[in-house]
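K.L.:
Structure incoming, see below.
The values are calculated or read from the model by the stated rules, or taken from the named source; none is laboratory data. Predicted model only: the values in this text are computed from it and were never measured. Because the Cβ atoms are built from the backbone with ideal geometry, glycine has one as well, and the counts that use them run over all protein chains shown. Ligands, DNA and RNA are stripped out before the accessible areas are found, and what is left, the full protein with its side chains, is counted by its heavy atoms. Shrake-Rupley method; radii C 1.70, N 1.55, O 1.52, S 1.80 Å.
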Amino acid sequence: MGKNLRLKSARAAMDLSQNDLAVLVQVSRQTINAIEKGEYNPTIRLCTAICRALGKTLDELFWEEQHENS
């Protein structure tokens, strides 16, 4: 699992800090940081919460990147 640059760019495009997004999806800022760095594999529930908060689909933020690397 590599860095999730699409998550980082989607968050930045909405002018949200890691902490802002963490508050929206009810996790710690460290969790968001770890997801963006590719050090933590979020649950499907957390993935969908992040997608809702950023107005993106699972494909846009999570799935395709993993298929490309396999």
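K.L.:
Express in nm, to one decimal, how much length is gained between L58 and N33 on full extension, taking 0.36 nm for each residue of separation and deducting their alpha carbon distance. Intermediate results must be reported in sequence, preceding the final value.
P.N.:
On the way: separation 25, 0.36 × 25 = 9.00 nm, distance 1.82 nm.
Here the answer is 7.2 nm.
K.L.:
What whole-number value in Å² describes the accessible area per residue of region 5-57 for a 1.4 Å probe?
P.N.:
Working: 3170 Å² over 53 residues.
Ligands and nucleic acids excluded, the figure is 60 Å² per residue.
K.L.:
For the chain, give the percent of accessible area contributed by carbon and sulfur heavy atoms, probe 1.4 Å, rounded to a whole number.
P.N.:
Working: 2200 of 4490 Å².
For the chain, the apolar C and S fraction of the accessible surface comes to 49 percent.
K.L.:
Here's a follow-up. In whole Å, what three semi-axes, largest first, describe the equivalent ellipsoid of region 5-57 built from its Cα gyration tensor (square root of 5 times each eigenvalue)? Numbers along the way, then the final one.
P.N.:
On the way: eigenvalues 38, 30, 25 Å².
Working through the eigenvalues yields semi-axes of 14, 12, 11 Å.
K.L.:
Sticking with the crude label model, points 7 Å out along Cα→Cβ, report the distance from A12 to T43 in nm, one decimal please.
P.N.:
Taking the two extended label points, one gets 3.0 nm.
K.L.:
Would you work out which of Y40, A22, G55 lies farthest towards the positive end of the dipole of the chain? Charges go on Cβ: Lys and Arg +1, Asp and Glu -1.
P.N.:
Toward the positive end, the furthest listed residue is A22.
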